[in-house]
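Every read-out reported here was derived from the displayed coordinates using simple, explicitly stated rules and does not represent laboratory data. Predicted model, so just to flag it, every value in this text is computed and none were measured. Glycine gets a Cβ as well: all are built from the backbone with ideal geometry, and neighbour counts include every protein chain shown.
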Amino acid sequence: MSARLIDGTAVARRVRDEVAKGVAELVAQGGRTPGLATILVGDDPASEVYVRNKRRACAAAGMRDFHRRLPTTARQEEVREVIAELAADDQVSGILLQLPVPAHLDSEALLDHIPYDKDVDGLTVKNVGRLAQGRPGLRPCTPAGIVRLLDEYEVPLAGAEVVVVGRSVLVGRPMAQLVLARHATVTVCHSRTKDLAEACRRADVLIVAAGVPQLIGRDAVRRGAVVVDVGIHRGDEGLHGDVRFEEVAEVASLVTPVPGGVGPMTIAMLLHNTLEAARWQQGSAAPAA
Ligand SMILES: Nc1nc(=O)c2c([nH]1)NC[C@@H]1CN(c3ccc(C(=O)N[C@@H](CCC(=O)O)C(=O)O)cc3)C=[N+]21
């Protein structure tokens, strides 16, 4: 292996410490303690783990933890009512609807009931539109965390060739927008891309969020490229990403591990967004791009 590791756990710790400091400052100035509300519908075991980790991190940063648990059978109106109640509660700075929700629910319609200034996932039409227009707003946690990681490792984005594999609403699309805002040249690839490896070899920075285990091998990575693996797959021998780590680490200059790369940053940026949301609601300017 010749690549250096991008240590997401270490950077996430730094972000979480910053947030904890920011929370203490806000409270010392007489502000309201920020609070995060997580909503979990159903009993998907992976979602349970993620939500538990988010709640713990939130409490550890000195924020209030509000949690609502609904059964798999919950109806659209019931979830909407829970969101409405949290929306009206000024102790709640951020609302996170854990995805995916059970198939009979319309997640887009539900997300749009979250007030945009409490939308700590950055998934409402309002915040997505603000990002597309290059205006301030709350940004999706995973792509925001990736930009932060690249900044910490001094990976230049202006003028860089960035290739994003995946076009999901949660990661791929906002990722492309965020690096575009940082003046990268962006290519977005997906399942219909004709020659994926060829497209990926353009990349100075390759960001893989396809949700396909081991999709990307060394043939898709230019020597010296920076590779960010957003995938998480639970196998018999632990967690894997979308990238064949051993192979890619031979040619990349920097690479994120799974676990310990992007995942911890997602949670750290959620806390960051919750603090920004609380400040916004208490009269500060909208979170800066
Ligand atoms: N509304 C919504 N917002 C999300 O941000 C959201 C979501 N729904 N649904 C699911 C995905 C996934 N996600 C992760 C968060 C933390 C880790 C994480 O901490 N990963 C650790 C490993 C943790 C483990 O052992 O599973 C790591 O990579 O080191 C991973 C994945 C947030 N998501």
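Here are a few things to note about the model shown:
- Shown for Arg130, Arg135: other C-beta atoms within 10 Å of each C-beta, ranked fewest to most, produce the order Arg135, Arg130.
- FRET efficiency estimate (nearest 0.05) - Cβ-Cβ, Glu198 to Ser284, R0 51 angstrom: 0.65
- Near Leu96, the amide H atoms lying under 5 Å from its own belong to Ala37, Thr38, Ile39; only residues 5 or more places off or on other chains count, and H is placed 1.01 Å from N.
- The value of relative contact order for the chain, using C-alpha pairs under 8 Å at least six residues apart, is 24 percent.
- On Cα atoms only, tilt of 262-281 relative to the major axis of the chain in degrees: 40 degrees
- Put in line by how crowded their Cβ is, counting other Cβ atoms within 10 Å and starting with the fewest, Thr33, Thr38 read Thr33, Thr38.
- Distance between the 7 Å Cα→Cβ label points at Val212 and Asp17: 4.0 nm.
- Cα-based shape type of region 37-82, given that a ≥ b ≥ c are square roots of the gyration tensor eigenvalues and the cut on a/c is 1.5: oblate
- Gain upon complete extension [Ala158, Asp44; 0.36 nm per residue less C-alpha separation]: 37.1 nm
- Interchain or long-range residues, amide H under 5 Å from His190's placed H: Gly166
- For region 200-269 versus region 59-75, the gap between their alpha-carbon centres in whole angstrom: 30 Å
- For region 58-72, backbone phi angles converted through the Karplus equation (6.51, -1.76, 1.60; θ = phi - 60°) give residue-by-residue couplings of 5, 5, 5, 8, x, 9, 7, 10, 10, 9, 10, 10, 10, x, 3 Hz, Gly and Pro being listed as x.
- Cα lying deepest toward the dipole's positive end in the chain, options Ala286, Thr193, Gly238, charges on Cβ: Ala286
- When the Cα gyration tensor is reduced to axis lengths a ≥ b ≥ c, the ratio a/c is 1.5 or higher for region 1-130, and with a/b not above b/c it is classed as oblate.
- Shape of region 141-263, Cα gyration tensor, a/c cut at 1.5: rounded
- Top of Arg75, Arg55, Arg218 by mean-square fluctuation, Gaussian network on the chain, Cα under 10 Å: Arg75
- A full extension of the chain between Glu246 and Ala59 corresponds to an added length of 63.7 nm, given 0.36 nm per residue minus the alpha carbon distance.
- Sorted by Cβ density within 10 Å, fewest first, the residues Lys118, Lys21, Lys194: Lys194, Lys21, Lys118
- Within the straight-line cut-off of under 16 Å between alpha carbons, the aspartates and glutamates reachable from Lys126 are Glu108, Asp112, Asp117, sequence neighbours fewer than 8 places apart in one chain being disregarded.
- Where both bridge residues fall in the chain, DSSP classifies roughly 10% of the beta bridges as antiparallel.
- Each residue of region 24-32 was assigned a 3J(HN,Hα) from its phi angle through the Karplus curve 6.51 cos²θ - 1.76 cosθ + 1.60 (θ = phi - 60°); the sequence is 4, 5, 4, 5, 4, 7, x, x, 6 Hz, with glycine and proline shown as x.
- Derived scalar couplings ³J(HN,Hα) [region 73-80; Karplus, 6.51 cos²θ - 1.76 cosθ + 1.60; whole Hz; x for Gly, Pro]: 7, 3, 8, 3, 5, 5, 5, 4
- Most mobile of Val169, Val208, Val243 in a GNM of the chain (Cα contacts under 10 Å): Val169
- Across the options Leu110, Pro34, Val82, the greatest Cα extent toward the positive end of the charge dipole of region 31-115 (unit charges at beta carbon of Lys, Arg, Asp, Glu) belongs to Pro34.
- GNM top mover of Gly134, Gly224, Gly238 - the chain, alpha-carbon springs below 10 Å: Gly238
- Residue-averaged 222 nm ellipticity for the chain, from DSSP H runs of 4+ at -39500 (n - 2.57), nearest 500: -12500 deg cm²/dmol
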